[in-house]
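To keep things clear, I will list the structure first and then write my remarks on it.
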Number of protein chains: 2
Amino acid sequence: MLRYHRRMATKPYHHGDLRAALLTAAEAELADHGIESFSLRQVAKRAGVSHAAPAHHFGDANGLLTALAAEGFQRFLGAMLAREASAAGARDRAVAAGLGYLDFALSRPTLFRLIFSSRKPDFNKPALFEAGDAAYAHLVALIEDLGGGPPDILALWAMAHGIADLAAGQRLRMMVDMSDAERIEVIRRLLLRVLPG
Amino acid sequence: MLRYHRRMATKPYHHGDLRAALLTAAEAELADHGIESFSLRQVAKRAGVSHAAPAHHFGDANGLLTALAAEGFQRFLGAMLAREASAAGARDRAVAAGLGYLDFALSRPTLFRLIFSSRKPDFNKPALFEAGDAAYAHLVALIEDLGGGPPDILALWAMAHGIADLAAGQRLRMMVDMSDAERIEVIRRLLLRVLPG
DNA sequence: CTCCTATCTTGTCAGTGTCAGGATAGGGTG
DNA sequence: CACCCTATCCTGACACTGACAAGATAGGAG
């Protein structure tokens, strides 16, 4: 009884929404230390919970990263859709998607790496597979609206991904010196090079 | 004396060329388990040496990966040059470089990831910085031979890198079904889209 | 032959992921 | 209301990891 009241005064035994809290903590840890130094215990500590608490919600560390990757793919698609909202016509929409692709890579580089360059997430897990598939399906739809085929899909995807991945890795020194408007204009022209028609 | 002879019968105390042996062992470990599960002790075990032996040659784990990345960049440049050897003209040479870019990513995906998508290597270290710079300088030279400028450099680099990174991550299902000749022809056309002129 | 330095080993420490077993909360059943 | 049942969370333990300190060994310089 006494222990009960002392606990209630400080912190409840049951978190309430630990799963979501762990996901946000994991993303923060990922952004701070990178995927390669990712620590499950640090995530638990950041969420204010014991080191074994995540196991019940995600199984193991890869399970957490798999769930985070699935959520990341949704936000990745959201970043593209956000840019497309202010686009007129199929051609402009495809370009906007490419800009959204880059937006995501720049604003959340480690999440971008988790999604595209990590072996940790399990892509056989339905939640992640479907999230990734939805993003790809959207890309396909964009090209089909332009009357393009498989080679055009690959062209747009590779160009957008190449720019995004190099930018996420800070390999494009030439771009940090440019203003937002300049950068957008350069990327726009690059994407227009590879679009069909 | 007795211990001495027993040692010589099995394994010498001094390795002879441990530094090189550790680099090859590290690359093998990297290919087997990926960067994110890379273990310095496993590398030492594979090289048949104690777990603290690498420290003397590379300082810490990141030091080993930095040295490996520098060597990787040289082989990366070598892969491009190998393709360019059988090319006629500046235009064909730029396309060949892109094919070599992909060759490297497909034959050594984890080394490719170490070079372009990892935080572990220290790019301030001269050996690595210069190796990476040499590869970039070669790319610049290829475009300048074509009379292109900075946007054209970015265009070729982003397209080649996008294809290579997606392929290294096994994201291009459409390409595994194709023959080598088909794949080369598709990539060639993609690269020609972004070259100037 | 002696010493000196580079090289490699052994031993130890804190930190990590995962598993087993125990504690707690809250809801459903009698 | 009393009971228990399940999901949730914690504590403790184990093997593994990277890093450091101190000792052992080899081979060359003097």
**Links that overshoot a 28 Å alpha carbon limit, given the list A:Lys125/B:Lys125; A:Lys45/B:Lys45; A:Lys120/B:Lys45; A:Lys45/B:Lys125** = A:Lys125/B:Lys125; A:Lys45/B:Lys45; A:Lys45/B:Lys125
**Item:** Rule-of-thumb Rg ratio for the protein assembly as shown [Cα; 2.2 N^0.38 Å; N residues]
**Value:** 1.12
**Prompt:** What is the gain in length, in nm to one decimal, between A:Ala87 and A:Met174 on full extension, counting 0.36 nm per residue of separation less the C-alpha to C-alpha distance?
**Reply:** 28.7 nm
**Fill in**
In debye to the nearest 20, the charge dipole size for region A:63-149, taken about the Cα centre with +1 at each Lys and Arg Cβ and -1 at each Asp and Glu Cβ, equals 360 debye
**Cα-projected label distance for B:Arg75 with A:Arg189, points at 7 Å along beta-carbon direction, nm** = 3.8 nm
**Between region B:87-146 and region A:119-197, the alpha-carbon center distance in angstrom** = 20 Å
**Computed [θ] at 222 nm, helices only, for chain A once each DSSP H run of length n ≥ 4 contributes -39500 (n - 2.57)** = -23500 deg cm²/dmol
**Asked** Ordered by residue, what ³J(HN,Hα) values in Hz, to whole numbers, does region B:152-157 give under the Karplus form 6.51 cos²θ - 1.76 cosθ + 1.60, where θ = phi - 60° and Gly and Pro are x?
**Response** 6, 4, 4, 4, 5, 4
**chain A - percent relative contact order, Cα under 8 Å, separation 6 or more** = 20 percent
**Prompt:** Taking other Cβ within 10 Å of each residue's Cβ, how do A:Met175, B:Met174 sort, fewest first?
**Reply:** B:Met174, A:Met175
**Prompt:** Roughly how many debye, to the nearest 20, is the charge dipole of the protein assembly as shown about its Cα centre, given +1 on each Lys and Arg Cβ, -1 on each Asp and Glu Cβ, and no other charges?
**Reply:** 1740 debye
**Closest Cβ on chain B to the rotation axis that carries it onto A (distance rounded to whole Å)** = B:Gly162, 1
**Asked** Quick one: helix A:18-33 against the long Cα principal axis of chain A, what's the angle to the nearest 10°, folded into 0 to 90?
**Response** 60 degrees
**Fill in**
Magnitude of the Cβ-charge dipole (Lys and Arg +1, Asp and Glu -1) of region B:44-197 about the Cα centre, nearest 20 debye, reported as 500 debye
**Fill in**
For region B:99-107, Karplus-derived ³J(HN,Hα) couplings (6.51, -1.76, 1.60; θ = phi - 60°; whole Hz; x for glycine and proline) come out as 5, x, 3, 5, 3, 5, 5, 7, 7
**Message:** Tell me which of B:Leu156, B:Ala28, B:Thr66 sits at the most positive position along the dipole axis of region B:1-157, charges placed on C-beta atoms (Lys, Arg +1; Asp, Glu -1).
**Reply:** B:Ala28
**Complete:** Most exposed first, judged by fewest Cβ atoms within 10 angstrom, B:Asp60, A:Asp180 run A:Asp180, B:Asp60
**Complete:** In order over region B:37-54: 3J(HN,Hα) from phi, Karplus 6.51/-1.76/1.60, θ = phi - 60°, whole Hz, x for each Gly or Pro, gives 10, 5, 10, 5, 5, 5, 4, 4, 5, 5, 7, x, 9, 5, 6, 9, 4, x
**Fill in**
Per principal axis, largest first, the Cα atoms of region B:68-197 extend in Å by 37, 36, 25
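Laboratory data are not the source of any read-out in this text; all were calculated from the coordinates shown. None of these values were measured; they are calculated from a predicted model. So basically every Cβ, Gly included, is an ideal-geometry build from the backbone, and we count neighbours across all protein chains shown.
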